[in-house]
Every structure is written in C-alpha cells, then in structure tokens.
Amino acid sequence: MTSALETYLGWEEPQHLASCTRPSWSVDVRTDPGEFRERHGGDAHACPNDTCDHGDRYERTTVRIVCRSCQAALVIRGEDASTSKGMTANTTYGYGHPPRTVAGLLLWPGEPWLNCGRLGSDEPYDYVVTRKGVTRPTEADIVGVITQGRSKRRAVIWQAGALPAPATYGRFNWGATNEDKPARTVAAAAKWMAARLAEQQAGGDQ
C-alpha cells in the first residue's frame, strides 16, 4: 500500500518551453505485447514492480506526453503489467480526489483500505493534511498526517501527527501525536491537529 505522503510528494510536472503560449498536455499510452526479454545470465528477472510476473516475456509500455503549443515532449518507456489491465479509477489511489475540509484544514486522501476481509473499508487509509489555499501539496505545505488503525477490539481509530519537522524525503518527525488517545473519527483527529497548530501559532506570537 502506498502512503498518502508517497501519493503527493516526490512527483514532478513536465515543464513547458519558455515560449509556450497555451500550455496543455496531450497524454497517450501504447502497449506492445509479447516483447522478449534477453537473459544473459542464469538469474531470473526481478524488479520492484509487485505486479510483474518476473517472466521472460512482458508487455512493453510507452507513455508519450506532448504539448501541441510549444512541442515539448516527454517519452517514458518500461515494463508495466498494470497498464495492460486497463485504466484504474483514481478511487484506488486517492490522488485526484478533492480534499476534505475539516476544522479549517484540508485533508488530502490516500488509498482506501480495501480487500482486507472484515477490516475492509472505503475510507482512505490515511490523509495528508495542509492548511487552506493549497492546490497541490508540497513538503512545505504539510502540517500533519492522519492514519487509520485498529484498536485492541478491532474498532477503527485515527492516529494523527502534527507540527512536522522534515527528516528525509517522504518522512517527517512529528512534534505532537495523539498516540495516547487516538480519535474515533477523522473529524476528531483533524480538530485535535487544528488545536495543536493553534497552540504552536500562539506560542510563536508571544
């Protein structure tokens, strides 16, 4: 499962040429089936793609991104078994869904917790949290995260981390957490975070 932080951080938008007057991207995907992978050694193919069957044949996928105004182009080639299985709605990944507004904060959804038997839920597994006015979260915008969990009695709980201090890419140290008393709802976790941010601001104003 991809975390909400990985969903929003580390991505780069293709850049248009400076002379571009009507920036817009045309995106096309092409799949060539039955490509043969040469194996020069005795080791079996291995890769970090968890949908790859690690065989000697694969479907080669090419993504072409072109601006028809300035002619900027980006071509990406690789093996991607997931592309050949058709398009996937963004409900699977969270990205593309509008953020929820709770307690004056924006909650950007990650992946839903699906296919977990009795623990299955359409509710996102976690959220990246920013203040209002953000249209695309960056590391500097993030004020906290809210993560779904289970209590000892298997009830849904929400753990939150606020007051971030960036550590390494995609990771943060949290100055405050509600681990001792997790929230029972997303809204309660967001209100707890808003209170911590207000306390931080009040302390800085003194």
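Residues that are within 16 Å of residue 101 (Cβ to Cβ) and of a type in the set (Val, Ile, Thr) were ranked within the range 128-141; the one that is surrounded by the most Cβ atoms within 10 Å (Cβ to Cβ) is 129.
Counting just the residues of the range 93-119 that are modelled with pLDDT of 55 or more and surrounded by fewer than 12 Cβ atoms within 10 Å (Cβ to Cβ), which one comes out nearest to residue 6 (Cα to Cα)?
Step one: filter the range 93-119 for residues modelled with pLDDT of 55 or more, giving 93-114.
From what's left, surrounded by fewer than 12 Cβ atoms within 10 Å (Cβ to Cβ): 96, 98, 101.
Details: 96: 14, 98: 17, 101: 21 Å.
For the range 93-119, the residue satisfying everything is 96.
Return the pair list, or none, for Cβ contacts closer than 9 Å from residues in the range 23-34 that are farther than 18 Å from residue 67 by Cβ and assigned to a loop (DSSP other than H, G, I, E, B) to residues that are open to solvent by 90 Å² or more (accessible area, probe 1.4 Å) and small (Gly, Ala, Ser), at least 6 apart or on different chains. If the second residue must be open to solvent by 90 Å² or more (accessible area, probe 1.4 Å) and small (Gly, Ala, Ser), no pairs are left. Close contacts from the range 139-156, counting a first residue that is within 16 Å of residue 175 (Cβ to Cβ) and a second that is outside any loop (DSSP other than H, G, I, E, B) and of a type in the set (D, E, K, R), with Cβ to Cβ under 7 Å and a gap of 6+ residues or different chains, come to 143/131; 145/126; 146/126.
Select from the range 189-206 the residues that are out of contact with any strand residue (DSSP E or B) (no Cβ under 7 Å at 6 or more places or on another chain) and of a type in the set (A, V, I, L, M) and list them in ascending order.
So in the range 189-206, the residues out of contact with any strand residue (DSSP E or B) (no Cβ under 7 Å at 6 or more places or on another chain) come out as 191, 195, 198-199, 201-206.
If the condition is that a residue be out of contact with any strand residue (DSSP E or B) (no Cβ under 7 Å at 6 or more places or on another chain) and of a type in the set (A, V, I, L, M), then 195, 198, 202 are the ones that fit.
Taking the range 1-18 as the search range and keeping residues that are open to solvent by 80 Å² or more (accessible area, probe 1.4 Å) and at pLDDT below 90, which one is farthest from residue 67 (Cα to Cα)? The residue in question is 1.
The values are calculated or read from the model by the stated rules, or taken from the named source; none is laboratory data. Quick caveat, the model's predicted, so the values are computed rather than measured. Note: ideal-geometry Cβ built from the backbone for every residue, glycine included; neighbour counts use all protein chains shown. With ligands, DNA and RNA removed, areas are computed over all heavy atoms of the protein, side chains included. Shrake-Rupley method; radii C 1.70, N 1.55, O 1.52, S 1.80 Å.
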